[in-house]
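Worksheet: one structure, shown below.
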Amino acid sequence: MTAHSHLRLVPTPGPSSDPPPVETRARELSEADLVAGLVTRDPSVCDRVYRLYQRPVLYMLRRVLGNDPELADLHHEVFVQALQSARRFRGDCRLETWLIAIAVNCARAKLRSRARKRWLTFMAPEDLPEHSSSSGEAASQARAVYALLSQLPTEERIAFTLRYVEGMTQLEAAAAMGCSTGTVKRRLRRARDRFDRLARRHPALRGLVESEASS
Amino acid sequence: MSRALRKLGRQVARHQDDTPPQLDTERGMARFRVEVDRSHLRPRRTAYPAIALAVACVALVVGFFWPRPPLTVRLQDGSDAESWIEGAADAHFSDGSLVEAQPRSRWRVATRTARGATIQLERGGLTAHVVHRDDTSWQVDAGPFAIRVTGTAFTTRWDPAEQIFELTMLDGTVVLSGPVVGGRREVAAPERLRVQLEPRRLSILSPEPPSAAVATIETPTAGAPSPPTAPAEASANPPPTEAPRSSSEPSPAQAARSATTTTDAVSWNEHARARRYPEALAELHRIGADAVVGRASPSDLLLIAQTARLGGDAALAERALSQLHDHHPDSVQARTALFLAGRMQFDRGQHPAAIASLGAYLSTSPNGAFASEAQVLLILALHRSGRIDEARQRASLYLQRHPTGPQADRLQSILEP
């Protein structure tokens, strides 16, 4: 699992009211201590884990799902799952990498659940709005991207966002998705083709795709 | 395309980074603490007990309804116990039961279930040691007799030529069904029972106490008056130490043992197939035997004839055989009817008629199911009707082909001057 050690994390956002930087806290307790604290449900260690990793997890969820109204719930779910499965953490990758993989899994489960519900309620994917209060060209472009992504199969969507939005290498994406790089390549190829076809029909993205094709 | 996508992705990521998601960290942490406290206070919940319980329940249900495999049987020489076996052999069953066949017997294991087996004894004798269990279900079919066993040891013999059945209880009880004995008769150790079909005679031999008697019951044939009880014949049957006692009716004790389970709802052929001949005959007469004979199929006619013969209603047996012969002359059952007629005629001492019937059977079915028995009866009938040379000639041929066949000893005596 050396790939995990190279897994690039979401960029740390700028100054905010959030807890101190990861580096500062990590010096206080080793990862092994943190995992042991999760296993024993040590409240202070659990608090620390949450504070240290809540942001990377949240950003990863947002990368995959976009501005999702259930982001907060999913975020909570990631930590609950981490708590429940800490005993199975083998220490062959960084704790952060492990939490990111859990986040991708939670996002995958949510997307699949939505796909089932959509099928049951006959709701077209484009009917599901990209939840965002922001405005402007960048915001509308982001909304358009996630609207198209919602029409992709779950695995292709995850591969696409990890590779092109989060900027992971194929190796990192494979580690986060828990599959081989070959599988990631295949999913990416399909996701690209599908996204390209959809983007050509979307007014906000058509220009970008066509200009790329002409150049 | 990849370059454009990377560019697009970067723009989206930049936009997301510029507009950080709104998450109330303190509230999220409080939620997480609740979860930590809950799981800290609560013993670690795993699905294992529930899964184990579910698996156990499923196993219990499946195990309850899953058909158990039938018993296995092993012969000493490794031969197939479900084919007819000639001569002595021991069959060991997987439940610990043992069947020991005597020399010159012809028998086989007809069916096997998880609870027992059915042994067919065509001729000869066998001793069965059946291991008792709550649901044991064993049966030994000896000629027209059925011995139902739930765990016991006994020895039985069936002589098809002499039409004599013997049952010696070694341990426990069995329920016997068949001609003369009635529908169901419980026989308990140390009882010995001997049934002769022609003339119809049931002898119950009790070896203990020393003064125990031999009960010989001459059962009247239905539709015909029973010959008077002959004490001399009765006393000839048991061993010399046993005092004879004759009766035309079963004793109260015997009557108590004889359980009749007939119900009107059971059809005559169900009774007949279960070897409850008196009940089958009673049902036939109740619904009109002649009418049944008039419209019966060849198979049913043969069953009526067998039932009537073994139940002691010779007149009905003859009517069924005549109907079979007259209305279904080309059927397989009509050929078997020839043997049955020959058998009946032989039993009555009508040897010329028996010779004709048995000869006709052998000419139409030289390899039929009853060919061997028909040969023996024909030789005996020829001998008894004074056609000695012809009987000897046939006996010699028969013994060359079947040196250990049924009645070989008896036929050997015919050859002796």
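The values are calculated or read from the model by the stated rules, or taken from the named source; none is laboratory data. Just so it is clear, the structure is predicted and the values come from calculations on it, not from any experiment. Every residue, glycine among them, receives a Cβ derived from its backbone with ideal geometry; neighbour counts consider all protein chains shown.
For this structure, a couple of remarks:
- Count of residues meeting criterion [within 14 Å of chain B (Cβ to nearest Cβ), closer than 18 Å to A:Leu65 by Cβ and part of a helix (DSSP H, G or I)] in region A:144-193: 19
- Only one of the listed residues (B:Ala52, B:Ala110, B:Ala101) is more than 26 Å from B:Thr168 (Cβ to Cβ), modelled with pLDDT of 80 or more and not acidic (Asp, Glu). That residue is B:Ala52.
- When the criteria are applied in full, B:Ala189 fails the requirement of being under 27 Å from B:Ala272 (Cβ atoms) and of a type in the set (Gly, Ala, Ser).
- Qualifying residue in region A:200-207 (condition: touching a Leu at 6+ places or on another chain (Cβ under 8 Å) and either in a loop (DSSP other than H, G, I, E, B) or away from every other protein chain (no Cβ under 12 Å) (or both)): yes
- In region B:358-387, the residues that are among the hydrophobic types (A, V, I, L, M, F, W, C) and without any contact (Cβ under 8 Å) to a residue 24 or more places away in the chain: B:Leu358, B:Ala360, B:Leu362, B:Ala371
- Check on B:Pro366, over 23 Å from the mean Cα position of the chain (by Cα) and over 24 Å from B:Arg123 (Cα atoms): no
- The set of residues in region B:79-99 that are free of Cβ contacts under 8 Å to residues at least 60 places away in the same chain, closer than 19 Å to B:Gly125 by Cβ and of a type in the set (Asp, Glu) contains only B:Asp90.
- Across region B:267-307, the qualifying residues are those that are in contact (Cβ under 8 Å) with a residue 40 or more places away in the chain and surrounded by 19 or more Cβ atoms within 10 Å (Cβ to Cβ), and the one among them that is farthest from B:Ala337 (Cα to Cα) is B:Glu279.
- Residue count for region A:60-92, restricted to those that are at pLDDT below 90 and of a type in the set (Phe, Trp, Tyr): 1
- Among the residues of region A:29-46, those identified as facing chain B (nearest Cβ under 8 Å) and touching a Leu at 6+ places or on another chain (Cβ under 9 Å) are A:Arg41, A:Cys46.
- Note on region B:380-417: among residues that are among the basic types (Lys, Arg) and crowded, with 18+ Cβ neighbours inside 10 Å, the one that is farthest from B:Met344 (Cα to Cα) is B:Arg392.
- Restricting region A:52-67 to residues that are at the interface with chain B (Cβ under 9 Å from one of its Cβ atoms) and in contact with a Pro (Cβ under 9 Å, 6 or more places away or on another chain), the residue that is surrounded by the fewest Cβ atoms within 10 Å (Cβ to Cβ) is A:Asn67.
- Test: residue in region B:66-75 that is hydroxyl-bearing (Ser, Thr, Tyr), loosely packed, with under 14 Cβ neighbours inside 10 Å and modelled with pLDDT of 85 or more: yes
- Every listed requirement among (1) modelled with pLDDT of 90 or more; (2) away from chain B (no Cβ under 14 Å); (3) more than 30 Å from A:Ala147 (Cα to Cα) is met by A:Val49 save one, (2).
- Scanning region B:349-365 for residues being small (Gly, Ala, Ser), part of a helix (DSSP H, G or I) and surrounded by fewer than 20 Cβ atoms within 10 Å (Cβ to Cβ) gives a total of 5.
- Test: A:Leu99 is out of contact with any Ser or Thr (no Cβ under 9 Å at 6 or more places or on another chain), part of a helix (DSSP H, G or I) and either more than 10 Å from chain B (Cβ to nearest Cβ) or among the basic types (Lys, Arg) (or both): yes
- Yes/no for B:Pro179 being more than 20 Å from B:Ser97 (Cβ to Cβ) and either modelled with pLDDT of 85 or more or surrounded by fewer than 20 Cβ atoms within 10 Å (Cβ to Cβ) (or both): no
- Within the set B:Arg3, B:Arg14, B:Arg33, the sole residue that is loosely packed, with under 10 Cβ neighbours inside 10 Å, at the interface with chain A (Cβ under 9 Å from one of its Cβ atoms) and in a helix (DSSP H, G or I) turns out to be B:Arg3.
- Within the span defined as region B:74-91, every residue fails to be more than 14 Å from chain A (Cβ to nearest Cβ), assigned to a helix (DSSP H, G or I), out of contact with any Gly (no Cβ under 7 Å at 6 or more places or on another chain) and over 30 Å from A:Arg163 (Cβ atoms).
- Residues in region B:17-28 that are assigned to a helix (DSSP H, G or I) and at the interface with chain A (Cβ under 7 Å from one of its Cβ atoms): B:Asp17, B:Thr25, B:Gly28.
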